[in-house]
Amino acid sequence: MAEAVFRAPKRKRRVYESFESPLPIPFGQDCGPKQDFKVFTAEMINNNVIVRNTEDMEQLYGKGYFGKGILSRSRPNFTISDPKLVAKWKDMKTDMPIITSTKYQHSVEWATKLMQRQGQDESTVRKILQDYTKPLEHSGIKRNEEGQRHDELNSGTVSKMEGTTDREELSMPGDTQPGDGSQQADLCARKRGPGDEYVLVEEDVYDVSEQECAPNEELAPKKRLVCRRNPYRILEYLQLSLEEAFFLVYALGCLSIYYEKEPLTIMKLWKAFTVVQPTFRTTYMAYHYFRSKGWVPKVGLKYGTDLLLYRKGPPFYHASYSVIIELVDDHFEGSLRRPFSWRSLAALNRVSVNVSKELMLCYLIKPSTMTDKEMESPECMKQIKVQEVILSRWVSSRERSDQDEL
Amino acid sequence: MEPELEPGAVEVPAGRVLRCGPARGGAGPAERAWGEGAGTPDAPQGAALTPRPFLPQRPGASRRPLAVPEAASALAWAQGLPPRRLGLPGRAAARVPRGALAAAGGGARGAPVRGPGRAGAGAGAAGPRPLGGGTLRRTLSPLLARGSLVAAEWRPEEGFVELKSPAGKFWQTMGFSEQGRQRLHPEEALYLLECGSIQLFHQDLPLSIQEAYQLLLTEDAVTFLQYQVFSHLKRLGYVVRRFQPGSILSPYERQLNLDGSAQCLEDQNGKRKRRSSSFRSINKKAKALENPPQGVDETPESLTASSPPPCNQNSRCPEEKPQESSPVKGPMGPSQLLGALEPWPGLANEGVGCSPESGKVENRVKGFCKPRWNFEQISFPNMASDSRHTLLLAPAPELLPANVAGRETDAESWCQKLNQRKEKLSRREREQQAEAQRFREDVNSDPEVQCCSNWQEYKQLLQRRCLQKSQSRPPHLWEQPVRPLLSPGQADSPAIALQHISVLQTTHLADGGARLLEKSGGLEISFDIYQADAVATFRKNNPGKPYARMCISGFDEPVPDLCTLKRLSYQSGDVPLIFALVDHGDISFYSFRDFTLPRDLEH
């Protein structure tokens, strides 16, 4: 049978991101021999792999496009910032989210209710919040490394007042305000802990002189941005699929998955993931294969297949291939994960062609000598062979005279 | 696209009614032979659907009243539909009994219908003739078709059609020669019949298209589906011939690149070899480093507790709650695995029945010292529900303080007070338990933990592990039988990293196909197809490499699995293979092609 021709992937018209690195590990050619190899951490929560640490999230998504933000479409870039306000104040050149005053009030209300649910009485709550939400000088806000460490106090109070859900976190200052000295000093004194989120709130400016001048007119109050702390912070996590998580652990060795603070070994993950998702081994082997070719596989749910293959990553190119994975034995027969009829295959082919992707069938051939015990270890992958087949439709009438490749 | 036509023949577009002009001069004796008798296709005037090109133009012939057999045959003829509409009726044609009035894939201009009883086939003198088959045979041999139609005879035993008169233009791309005679395959003959290039005879009588479908398309030679695909492609202009397995190049020939098409097998082989050698070296490394995994079946039962029992805590034994009693196998005694570890006494009853050894143990020095007691001989009764042993003997009096008297007791009553009901978990708790079962690893099955003899050592181990966690090679990944494929610092560039993690091998459709050839049944390749512009240079004896090969299947049949794909692709060689699927006359074509995803290194 003639080989299918490789068609170059279609580049997207507008690319907003820059490519950092194909994998989230340091390369010798970039950093030299002394590299600090960082091992990221993830947790198993409800049979899902979640990465909570912000830097880990940035690294894992930015280099290799692993995972998906749970509050975003793909890249974890959830922000409460109002895009209209950002456009309005775009010459402020700040990376803090800008929200309306109403929204900030909502935040404060939710924080109040949360603390009351936790048993604090109203006056304490009000006092704490008043102190926390007072305006700050925002021009000098930077991450201040040499500030005092209030970590212990911070973490102590945070853990005491943490809500039951994982997403919300109430961050409280650990110490009391030593008076209203210079605000810069305040910021220096208080290290920016992990829970503090600084936002710019657009508030009305009530200028008394203006009102006196024109009491009859109703001027639109001038607005200005006030920097405050958000007492009700919403955090976003990165969720990794089981295949992505296992790839980071097994192939790259750059992720550790914890279950209730206990790290899990590779064998344990291999077995446990199979229990959670019975077809995990098959889909993982195909995922590993395509990753080892330098392509980025993402889930193919939207097009009815198992994987979509991107070159470099979703922001740069449209997906080139839509893959269906099957596991067969040495005689090239096997019980299929999805037994096809020509009708369903024709439908899938049509859908793929409509979105400019090629339908690829990926057969994983395992030798018949492989026992079930061998399959219990990911080392069994070394004996598996992969056969890729491209399905395409041939139109008889069109290709009569021009020498199109089939 | 125009079908093959004899020069001078009339071409009839589908569905149009042909009103013939004056008779041509070429209508010679054949026409007279046919025309005289009652067998003329004198269809009744109302048969607007059936063009009848070869009306006999003898004066008065059209006004001759039709005899009854003629009318019957004509009526049968009237039911025919033009051949190009291959719809549902066409499919039924093959099964229609001869002469029945079912709608047939009748021809635009075909042989006259043979009515029931062959009444209409009479030839000879004018006027209704008696039914005489013998007369006809004598008169009609040699068979001569009308005009420039080529006459051909269907030979059912041999399964081909033999031309009785010289072939026309179609001979360039269709047919084959054997023993000096010109022959056609059934599908070719049927196609030409539908085109109107030949006339088919069987037992000296011309076949109607309906009858031809029925006779020529049998299950074993050419099926109806195959014929539909054949005619579809022929009409589009392709040259379609039967599959010639002999034209497959052997792998050796392919390597030599005999027909000039680009093959990069050598490159692929070379690449494959390189990759596999690196696999082997990686395999060896992995195997050398692999320790046989520790058995995780060392049950903690004999450990009696979920944490290494401290020897200092025995002094607190009397205050323990009953719930903490864990099963201790009585006669087996303490486990052999932990030589120096003291098993949890487990007899956590209030006051009475406390292990007599607790007193002794208080004297034990912390740490790993040789025990004074032979724990293999000290038995701890199992108080759990599986094998209850509640009769506790009196402790040895020399072990007790002076004014304390020991006595034996039956702890049965205490056991009754234990809450032995099975815990009823809510659904959420059950799910959590299931999840925990999947992911939680028992601390005691860790060999390092088992080596700890007391609580202090365990804490030290935990501290060490905590420090190690911040390293780049955490122990839970690197000190296990199965380790990550890429170690830190090993990847100098993305290409090298990818090479290290490539453990799956690529294979091709052509690999291993040879041994599948023994399997028969299932799909087979039917036709070789050549493109239309090759017609001018087409030589039947040396057609060259086909453009594609066809496998034909019904739309409701299952998709070929990898086994079939490999077998067929091996048979096809390097010619692309197309699957034609027929769904009630609609044909779709799909091809499965071998592919290897290229490695993307250009970052």
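The values are calculated or read from the model by the stated rules, or taken from the named source; none is laboratory data. Just so it is clear, the model here is predicted, and its values are computed rather than measured. Here Cβ is always computed from backbone atoms with ideal geometry, including for glycine, and neighbour counts include all displayed protein chains.
Considering only residues that are without any contact (Cβ under 8 Å) to a residue 24 or more places away in the chain and not polar (S, T, N, Q), look in the range B:189-222 and name the one that is farthest from B:Phe243 (Cα to Cα).
B:Glu219
Could you pull out the residue among B:Leu467, B:Leu504, B:Leu523 that is under 30 Å from B:Thr223 (Cβ atoms) and among the hydrophobic types (A, V, I, L, M, F, W, C)?
Values: B:Leu467 fails: under 30 Å from B:Thr223 (Cβ atoms); B:Leu504 fails: under 30 Å from B:Thr223 (Cβ atoms).
Answer to the selection: B:Leu523.
If you take the residues in the range B:576-595 that are within 7 Å of chain A (Cβ to nearest Cβ) and out of contact with any helix residue (DSSP H, G or I) (no Cβ under 8 Å at 6 or more places or on another chain), which one is nearest to A:Pro22 (Cα to Cα)? Quick ask: steps written out before the conclusion?
To start, the set of residues in the range B:576-595 that are within 7 Å of chain A (Cβ to nearest Cβ) comprises B:576-578, B:581, B:588-595.
Narrowing the set further to residues that are out of contact with any helix residue (DSSP H, G or I) (no Cβ under 8 Å at 6 or more places or on another chain) leaves B:576, B:578, B:589, B:591, B:593, B:595.
Values: B:Pro576: 36, B:Ile578: 38, B:Phe589: 39, B:Ser591: 34, B:Arg593: 29, B:Phe595: 24 Å.
In this case the residue turns out to be B:Phe595.
Could you go through the range A:331-347 and let me know if any residue there is more than 29 Å from the chain's Cα centre (by Cα), closer than 23 Å to A:Gly294 by Cα and more than 8 Å from chain B (Cβ to nearest Cβ).
no
Output the residues belonging to the range B:145-195 that are outside any strand (DSSP E or B), basic (Lys, Arg) and touching a Leu at 6+ places or on another chain (Cβ under 9 Å).
Hits for the range B:145-195 are B:Lys164, B:Lys169.
Could you check the range B:372-407 and list, in sequence order, the residues that are assigned to a helix (DSSP H, G or I) and in contact (Cβ under 8 Å) with a residue 40 or more places away in the chain? Give the derivation first.
Let us first name the residues in the range B:372-407 that are assigned to a helix (DSSP H, G or I), namely B:375-377, B:397-399.
Those that are assigned to a helix (DSSP H, G or I) and in contact (Cβ under 8 Å) with a residue 40 or more places away in the chain: B:Phe375, B:Glu376, B:Gln377, B:Leu399.
Would you say A:Arg126 is surrounded by 12 or more Cβ atoms within 10 Å (Cβ to Cβ), of a type in the set (Lys, Arg) and without any contact (Cβ under 8 Å) to a residue 40 or more places away in the chain?
So A:Arg126 fits the description; yes.
Before we move on, is A:Pro278 at the interface with another protein chain (Cβ under 7 Å from one of its Cβ atoms) and surrounded by fewer than 22 Cβ atoms within 10 Å (Cβ to Cβ)?
Details: at the interface with another protein chain (Cβ under 7 Å from one of its Cβ atoms): no; surrounded by fewer than 22 Cβ atoms within 10 Å (Cβ to Cβ): yes.
Criteria not met by A:Pro278.
Tally up the residues in the range B:419-439 that are over 28 Å from B:Pro488 (Cβ atoms) and within 14 Å of another protein chain (Cβ to nearest Cβ), please. Can you show your working first?
Applying the first criterion (over 28 Å from B:Pro488 (Cβ atoms)) to the range B:419-439 yields B:419-438.
When the remaining residues are screened for being within 14 Å of another protein chain (Cβ to nearest Cβ), the result is B:427-438.
Looking only at that region, the number is 12.
Across the range B:487-508, what is the number of residues that are under 16 Å from A:Gln29 (Cα atoms), among the aliphatic types (A, V, I, L, M) and at the interface with another protein chain (Cβ under 7 Å from one of its Cβ atoms)?
Number of matching residues: 3.
For the range A:306-319, how many residues are more than 9 Å from chain B (Cβ to nearest Cβ) and outside any strand (DSSP E or B)? Explain how you work it out, then say what you get.
Taking the range A:306-319 and keeping what is more than 9 Å from chain B (Cβ to nearest Cβ), we get A:306-308, A:310, A:313-319.
Filter once more, so that each one left must be outside any strand (DSSP E or B): A:306, A:313-316, A:318-319.
The number of residues fulfilling the criteria is 7.
For the range B:453-474, how many residues meet the condition of being more than 23 Å from A:Gly253 (Cβ to Cβ), surrounded by 15 or more Cβ atoms within 10 Å (Cβ to Cβ) and either facing chain A (nearest Cβ under 10 Å) or within 57 Å of the chain's Cα centre (by Cα) (or both)?
1
Limited to the range A:291-305, what total is found for residues that are within 8 Å of chain B (Cβ to nearest Cβ) and either part of a loop (DSSP other than H, G, I, E, B) or in contact (Cβ under 8 Å) with a residue 40 or more places away in the chain (or both)? Talk me through it step by step, then tell me what you get.
We begin by selecting, within the range A:291-305, every residue within 8 Å of chain B (Cβ to nearest Cβ); these are A:291-295.
The next check asks that each one be either part of a loop (DSSP other than H, G, I, E, B) or in contact (Cβ under 8 Å) with a residue 40 or more places away in the chain (or both); those that pass are A:291-294.
So the answer is 4.
Determine which member of the set A:Tyr250, A:Tyr258 is hydroxyl-bearing (Ser, Thr, Tyr), touching a residue at least 24 places away in the same chain (Cβ under 8 Å) and either in a loop (DSSP other than H, G, I, E, B) or facing chain B (nearest Cβ under 9 Å) (or both).
A:Tyr250
For the range A:350-384, which positions are facing chain B (nearest Cβ under 7 Å) and surrounded by fewer than 19 Cβ atoms within 10 Å (Cβ to Cβ)?
Matches in the range A:350-384: A:Ser377, A:Lys382.
Looking only at the range B:544-564, which residues are assigned to a helix (DSSP H, G or I) and more than 7 Å from chain A (Cβ to nearest Cβ)? Even if it seems obvious, please write down each step before you answer.
At the first step, the residues of the range B:544-564 found to be assigned to a helix (DSSP H, G or I) are B:562-564.
Of everything in the range B:544-564, just one residue is assigned to a helix (DSSP H, G or I) and more than 7 Å from chain A (Cβ to nearest Cβ), namely B:Thr564.
Residue by residue, here is whether (1) without any contact (Cβ under 8 Å) to a residue 24 or more places away in the chain; (2) within 11 Å of chain B (Cβ to nearest Cβ); (3) in a loop (DSSP other than H, G, I, E, B) holds:
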position: A:Arg7; (1), (2), (3): no, yes, yes
position: A:Tyr16; (1), (2), (3): no, no, yes
position: A:Glu20; (1), (2), (3): no, yes, yes
position: A:Leu23; (1), (2), (3): no, yes, yes
position: A:Thr41; (1), (2), (3): no, yes, no
position: A:Ile50; (1), (2), (3): no, no, no
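So is A:Asn216 at pLDDT below 85 and among the polar types (S, T, N, Q) or not? Step through it out loud before you land on a result.
Working: at pLDDT below 85: yes; among the polar types (S, T, N, Q): yes.
Considered against the rule, which asks whether it is at pLDDT below 85 and among the polar types (S, T, N, Q), A:Asn216 comes out as yes.
Wholly within the range B:408-473, which helices (runs of 4 or more DSSP H) include no fewer than the required count, namely at least 3 residues that are closer than 24 Å to A:Asn48 by Cβ and of a type in the set (Lys, Arg)?
Values: elements: B:412-417, B:427-439, B:447-451, B:455-469.
Per the criteria, B:427-439.
Only residues that are modelled with pLDDT under 75 and among the β-branched types (Val, Ile, Thr): list them for the range B:514-532, please. I'd like the intermediate steps shown before the answer.
Just the residues of the range B:514-532 that are modelled with pLDDT under 75, to begin with: B:514-521.
Within the range B:514-532, none qualify.
Filter the range B:475-486 down to residues that are more than 7 Å from chain A (Cβ to nearest Cβ) and either assigned to a helix (DSSP H, G or I) or at positive phi (or both), then give me how many there are.
Residues flagged as more than 7 Å from chain A (Cβ to nearest Cβ) and either assigned to a helix (DSSP H, G or I) or at positive phi (or both) within the range B:475-486 amount to 2.
If you go through the range B:575-592 one residue at a time, how many are crowded, with 17+ Cβ neighbours inside 10 Å and over 14 Å from the mean Cα position of the chain (by Cα)?
Going through the range B:575-592, the residues crowded, with 17+ Cβ neighbours inside 10 Å turn out to be B:575-582, B:587-592.
Applying the additional criterion that residues be over 14 Å from the mean Cα position of the chain (by Cα) yields B:575-578, B:580-582, B:587-590.
Total meeting the criteria: 11.
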